[in-house]
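Engineer: Handing you a structure now.
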Amino acid sequence: MIEYENLFKLNEPFLSEFRKAYEEVIDSGWFILGNQVSSFEKSFADYCGTRHCIGVANGLDGLILSLRSLDLPSNAEVIVPSNTYIATILSILHCGLRPVLVEPDLSTYNIDPARIEEALTADTAAILVVHLYGKCCDMEKINDIARRHSLKVIEDCAQAHGARFKQNKVGTFGDASAFSFYPTKNLGALGDGGCVVTDSDDVAARLKTLRNYGSNKKYYNEIIGYNSRLDEMQAAFLSVKLKSLDKINEHKRKLADLYHAHLSDDFIKPSRHPDFYDVYHIYPVRHPERDRLKEYLLENNIKTEIHYPVPPHHQEALKHLFPARSFPISEEIHQTILSLPISFFHTEKDVMQVIETMNRFLP
């Protein structure tokens, strides 16, 4: 059986260093906002090319605190892609803001810059981009729109650790940029974790206050805050894996190269362009008979996933927000997309077996 993901196998190369890191944290007797978090924050900021990194409890909190840190007007509109994972939209709602869905480019699955300006109103305050599946958005065009309309830019980098657009890494384009360290990510913890990176001293200071009950000094609270802190143990584990993040990304890119070169053109493969360095958190293909393809692969001992089966505007929790809107591009993606095995533990032999099996699929 070729599994879609196996977290033990994924983390096996790091186990000896994890054990050392675990003992170091235990022996220190310090478990919240200590040296491990500070050290990881500095290393990850350096890796991204930003001035600041603020560790938080998870990726959703990273998005919420990013929005909170920018002090957007109450009930303002935030542009967001119509095919994103629900967490992106939840962050907007939790901040008392209104999500405005904009369709993606069908070839990249990322928000279509050409459609953003059509959705702007006098109430628009920000654009929340999502670097979906490990491909950076076209930030040149998006930031140009933001500058011309005086909008804030927030990046959802949950799936794109190390991805680049024209040599600049994700996280360096926005006013605040949130990452998730959920265990399946290219840089994954052994539990939940997240962070926000920024070049703004003021935003960084506000984020540090917001994540810690709104306090800079113990028992003194300046603002209404949250309890959202990356813990010492996860920071220690992340520091171990950060040293290998480029190696992880390169491995996944090599597997993606095999899919690109050998997988039949009956399957719509991810677009590629020299301006974009993709890190393939997910390798998605599209096919009109996606569900039958998924079943066929499982019958042949290959597990796959769907990211994502239900578009946000059809989710029970959200559909009341978009009662009269149609998002046909998003719906086409959600109905036809399938994620193929591309983990750090997969071998080239695994991927060639997937390719050979898929190429025998008869529509």
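Engineer: Which one of these does Tyr133 not meet: (1) surrounded by 24 or more Cβ atoms within 10 Å (Cβ to Cβ); (2) within 21 Å of Leu340 (Cα to Cα)?
Structural biologist: Just one mismatch for Tyr133, condition (1).
Engineer: To continue, here is another question. Can you name the number of the only condition in (1) within 13 Å of Tyr47 (Cα to Cα); (2) surrounded by 24 or more Cβ atoms within 10 Å (Cβ to Cβ) that Arg164 fails?
Structural biologist: Result: Arg164 passes all but (2).
Engineer: Restricting the search to the stretch 235-252, which residues are among the basic types (Lys, Arg) and either within 15 Å of Glu356 (Cα to Cα) or surrounded by 17 or more Cβ atoms within 10 Å (Cβ to Cβ) (or both)? Can you show your working first?
Structural biologist: First, pick out the residues of the stretch 235-252 that are among the basic types (Lys, Arg): 241, 243, 247, 252.
Matches in the stretch 235-252: Lys241, Lys252.
Engineer: I'd like the full set of residues that are of a type outside the set (A, V, I, L, M), over 19 Å from His161 (Cβ atoms) and crowded, with 16+ Cβ neighbours inside 10 Å, limited to the stretch 16-35. Give the steps one after another, and end with the answer.
Structural biologist: From the stretch 16-35, those of a type outside the set (A, V, I, L, M) are 16-20, 22-24, 27-31, 34-35; that's our starting set.
If we keep only those that are over 19 Å from His161 (Cβ atoms) too, we end up with 16, 19-20, 22-24, 27-31, 34-35.
Answer for the stretch 16-35, where residues must be of a type outside the set (A, V, I, L, M), over 19 Å from His161 (Cβ atoms) and crowded, with 16+ Cβ neighbours inside 10 Å: just Gly34.
Engineer: Here is a follow-up. Please work out if Thr357 is without any contact (Cβ under 8 Å) to a residue 24 or more places away in the chain, within 27 Å of Arg253 (Cα to Cα) and more than 23 Å from the chain's Cα centre (by Cα).
Structural biologist: Numbers: without any contact (Cβ under 8 Å) to a residue 24 or more places away in the chain: no; within 27 Å of Arg253 (Cα to Cα): yes; more than 23 Å from the chain's Cα centre (by Cα): yes.
Considered against the rule, which asks whether it is without any contact (Cβ under 8 Å) to a residue 24 or more places away in the chain, within 27 Å of Arg253 (Cα to Cα) and more than 23 Å from the chain's Cα centre (by Cα), Thr357 comes out as no.
Engineer: Determine if the stretch 236-250 includes at least one residue that is at pLDDT 95 or above, charged (D, E, K, R) and in contact with a strand residue (DSSP E or B) (Cβ under 8 Å, 6 or more places away or on another chain).
Structural biologist: The answer is no, given that none of the residues of the stretch 236-250 is at pLDDT 95 or above, charged (D, E, K, R) and in contact with a strand residue (DSSP E or B) (Cβ under 8 Å, 6 or more places away or on another chain).
Engineer: Of all residues in the stretch 260-280 being hydroxyl-bearing (Ser, Thr, Tyr) and within 25 Å of Tyr182 (Cα to Cα), which is farthest from the chain's Cα centre (by Cα)? Steps first, answer last, please.
Structural biologist: Taking the stretch 260-280 and keeping what is hydroxyl-bearing (Ser, Thr, Tyr), we get 264, 271, 277, 280.
Those left that are additionally within 25 Å of Tyr182 (Cα to Cα): 277, 280.
Values: Tyr277: 15, Tyr280: 11 Å.
Residue satisfying both the conditions and the ranking: Tyr277.
Engineer: I've got another one for you. At least 3 residues that are touching a residue at least 40 places away in the same chain (Cβ under 8 Å) in each: list the helices (runs of 4 or more DSSP H) lying fully within the stretch 29-141 that qualify.
Structural biologist: Hits in the stretch 29-141: 35-48, 59-69, 86-94.
Engineer: Report yes if some residue within the stretch 281-290 is within 11 Å of Ile337 (Cα to Cα), in contact (Cβ under 8 Å) with a residue 40 or more places away in the chain and either more than 24 Å from the chain's Cα centre (by Cα) or in the same structural domain as Met139 (by TED's automatic domain parsing) (or both); otherwise report no.
Structural biologist: For the stretch 281-290, residues within 11 Å of Ile337 (Cα to Cα), in contact (Cβ under 8 Å) with a residue 40 or more places away in the chain and either more than 24 Å from the chain's Cα centre (by Cα) or in the same structural domain as Met139 (by TED's automatic domain parsing) (or both): present.
Engineer: Pairs, please: C-beta under 6 Å, at least 6 apart or cross-chain, first residue under 24 Å from Glu289 (Cβ atoms) and in contact (Cβ under 8 Å) with a residue 60 or more places away in the chain and in the stretch 331-352, second among the aromatic types (Phe, Trp, Tyr) and surrounded by 20 or more Cβ atoms within 10 Å (Cβ to Cβ)?
Structural biologist: Leu340/Tyr283; Ile342/Tyr280; Ile342/Tyr283
Engineer: Among the numbered criteria (1) over 16 Å from the mean Cα position of the chain (by Cα); (2) within 13 Å of Leu128 (Cβ to Cβ), which one does Ile111 miss?
Structural biologist: Only one criterion is unmet by Ile111, namely (1).
Engineer: Any residue at all in the stretch 312-333 that's assigned to a loop (DSSP other than H, G, I, E, B), β-branched (Val, Ile, Thr) and either at pLDDT 95 or above or out of contact with any helix residue (DSSP H, G or I) (no Cβ under 8 Å at 6 or more places or on another chain) (or both)?
Structural biologist: Taking the stretch 312-333 as the starting set, the residues that turn out to be assigned to a loop (DSSP other than H, G, I, E, B) are 315-318, 322-327.
When the remaining residues are screened for being β-branched (Val, Ile, Thr), the result is none.
Among the residues of the stretch 312-333, not one is assigned to a loop (DSSP other than H, G, I, E, B), β-branched (Val, Ile, Thr) and either at pLDDT 95 or above or out of contact with any helix residue (DSSP H, G or I) (no Cβ under 8 Å at 6 or more places or on another chain) (or both), which makes the answer no.
Engineer: For Leu97, all conditions in the list (1) surrounded by fewer than 21 Cβ atoms within 10 Å (Cβ to Cβ); (2) more than 19 Å from Cys157 (Cα to Cα); (3) of a type in the set (A, V, I, L, M) hold save one; what is the number of the exception?
Structural biologist: (1)
Engineer: For the structure I just gave you, tell me whether Tyr226 is at positive phi and in contact with a Leu (Cβ under 9 Å, 6 or more places away or on another chain).
Structural biologist: Here the answer is no, as Tyr226 does not meet what is asked.
Engineer: Among the candidates Ala256, Ala205, which residue alone is hydrophobic (A, V, I, L, M, F, W, C) and either within 30 Å of Ser28 (Cβ to Cβ) or at pLDDT below 95 (or both)?
Structural biologist: Ala205
Engineer: Conditions: (1) surrounded by fewer than 22 Cβ atoms within 10 Å (Cβ to Cβ); (2) modelled with pLDDT of 95 or more. Arg211 meets all but one. Number of the miss?
Structural biologist: Arg211 satisfies all of (1) surrounded by fewer than 22 Cβ atoms within 10 Å (Cβ to Cβ); (2) modelled with pLDDT of 95 or more except (1).
Engineer: For Ser16, only one of the following conditions fails: (1) assigned to a helix (DSSP H, G or I); (2) touching a helix residue (DSSP H, G or I) at 6+ places or on another chain (Cβ under 7 Å); (3) of a type in the set (S, T, N, Q). What is its number?
Structural biologist: Among (1) assigned to a helix (DSSP H, G or I); (2) touching a helix residue (DSSP H, G or I) at 6+ places or on another chain (Cβ under 7 Å); (3) of a type in the set (S, T, N, Q), Ser16 violates only (2).
The values are calculated or read from the model by the stated rules, or taken from the named source; none is laboratory data. The structure presented is a predicted model; accordingly, all values stated were derived computationally and were not measured. All Cβ positions, even for glycine, are placed from backbone atoms using ideal geometry, and neighbour counts span all protein chains on display.
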